[in-house]
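What follows is a set of notes on a single structure, which appears directly below.
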Amino acid sequence: MLCAPPQTLRPSPRPHLPPPPRCSGSATPPPSSAGSIRRQVLQPEGRAKLDPRSDRDFYAFPRLVKHVDDGFLATLTDLYRERLRPESDVLDLMSSWVSHLPPEVRFRRVVGHGLNAQELAKNPRLDYFFVSDLNREQRLELESASFDAVLCTVSVQYLQSPEKVFAEIYRVLKPGGVCIVSFSNRMFYEKAIGAWREGSAYSRVQLVTQYFQCVEGFTQPEVVRRLPPSDAAGGKSGSSPLEALMRLFGQANSDPFYALISYRNFKPM
């Protein structure tokens, strides 16, 4: 009988295994969702405008007028004086020929954005400006975390994609940077979105509150109100039917003032 010669048994090679992970005492934090959009605030009908023309066409000619009264503007300037720090970088979003900043406060840089270059060129507070339609393109050609403050004055009612715009505001703000959105009861009715046209003063405040809340990382908005005496009293003090009608169309002698203030991540002390 033929037998195979005996063979020496060798241990099989051990598979190459990666070294075990080292314990660091704390798990790696998940990627931050700050600045992401949590939810959509508006339904399609709420974004619609009565005038379907391009906003660039609507604002093709400069309007060198003030869209709210002097009382509103004085309140706004006082608010800026209180909340904006000297030598800060400021973005005036949806701006025009005047920014309503305190004249005695010096800022390191004020950048303007709007739809009409002629209006922006006449604004003496702007160091430079750029023109873009936020209802066509929400991305701002600006560096992330590059501004201490973003301002939006009596223009938020025209945004058809506010969720994306507020996410961009968050992106360009520095941590601790502030966004101040102010508005009254005046508007270009045909260019305001449906959710704004059909709303009340209370619902508009709630709407802008939701714009901030839909973006991860904004602080809970603070609401500032300054109402004319007749409005503060529910419209019963010295209010005739004509005055009520004028207020409805934004023609009252004293414009109500609303501002919502929120910060990226935290409110500085």
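The values are calculated or read from the model by the stated rules, or taken from the named source; none is laboratory data. Keep in mind it's a predicted model, so treat the numbers as computed, not measured. Heads up, the Cβs are rebuilt from the backbone with ideal geometry, glycines too, and the neighbour counts pull from every protein chain shown. The accessibility values were calculated without ligands, DNA or RNA, using every heavy atom of the protein model including side chains. Shrake-Rupley method; radii C 1.70, N 1.55, O 1.52, S 1.80 Å.
Conditions tested, residue by residue: (1) among the polar types (S, T, N, Q); (2) under 22 Å from E168 (Cβ atoms); (3) out of contact with any strand residue (DSSP E or B) (no Cβ under 7 Å at 6 or more places or on another chain).
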| position | (1), (2), (3) |
| --- | --- |
| G46 | no, yes, yes |
| S54 | yes, yes, yes |
| F61 | no, no, yes |
| A74 | no, no, yes |
| D78 | no, no, yes |
| R81 | no, no, yes |
| M94 | no, yes, no |
| G114 | no, yes, no |
| L120 | no, yes, no |
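Here are the criteria: (1) open to solvent by less than 10 Å² (accessible area, probe 1.4 Å); (2) out of contact with any His (no Cβ under 9 Å at 6 or more places or on another chain); (3) modelled with pLDDT under 95. Tell me which single one V215 does not satisfy.
(3)
Can you tell me how many residues within region 104-121 are under 12 Å from E87 (Cβ atoms) and open to solvent by less than 50 Å² (accessible area, probe 1.4 Å)?
3
From the residues in region 172-201 that are touching a strand residue (DSSP E or B) at 6+ places or on another chain (Cβ under 8 Å) and surrounded by fewer than 19 Cβ atoms within 10 Å (Cβ to Cβ), which one is nearest to K49 (Cα to Cα)? If you could, list the steps in order and put the result at the bottom.
Restricting attention to region 172-201, the residues satisfying the condition of being touching a strand residue (DSSP E or B) at 6+ places or on another chain (Cβ under 8 Å) are 172-184, 201.
Then keep just the ones that are surrounded by fewer than 19 Cβ atoms within 10 Å (Cβ to Cβ); that gives 174-176, 201.
Numbers: K174: 33, P175: 34, G176: 34, A201: 19 Å.
Here the residue is A201.
Looking at region 40-85, which of the residues that are touching a residue at least 40 places away in the same chain (Cβ under 8 Å), open to solvent by 30 Å² or more (accessible area, probe 1.4 Å) and part of a helix (DSSP H, G or I) is farthest from F188 (Cα to Cα)?
R83
Would you check which residues across region 141-157 are in contact (Cβ under 8 Å) with a residue 40 or more places away in the chain and more than 18 Å from H100 (Cβ to Cβ) and list them?
First, pick out the residues of region 141-157 that are in contact (Cβ under 8 Å) with a residue 40 or more places away in the chain: 142, 146-157.
Those that are in contact (Cβ under 8 Å) with a residue 40 or more places away in the chain and more than 18 Å from H100 (Cβ to Cβ): L142, S146.
Output the residues belonging to region 86-103 that are open to solvent by less than 20 Å² (accessible area, probe 1.4 Å) and out of contact with any Gly (no Cβ under 6 Å at 6 or more places or on another chain).
Matches in region 86-103: S88, D89, V90, L91, L93, S99, L101, P102.
Go through region 122-171 and give me each residue that's out of contact with any strand residue (DSSP E or B) (no Cβ under 8 Å at 6 or more places or on another chain), open to solvent by 30 Å² or more (accessible area, probe 1.4 Å) and of a type outside the set (S, T, N, Q).
Within region 122-171, K122, P124, R136, E137, R139, E143, R171 qualify.
How do the strands (runs of 3 or more DSSP E) wholly within region 126-237 filter down when requiring 2 or more residues that are closer than 22 Å to V41 by Cβ and of a type in the set (A, V, I, L, M): which remain?
147-153, 173-183, 222-226
Failed condition for R225, given (1) surrounded by fewer than 19 Cβ atoms within 10 Å (Cβ to Cβ); (2) at pLDDT 60 or above; (3) over 30 Å from K174 (Cβ atoms); (4) not acidic (D, E), with all others met?
(3)
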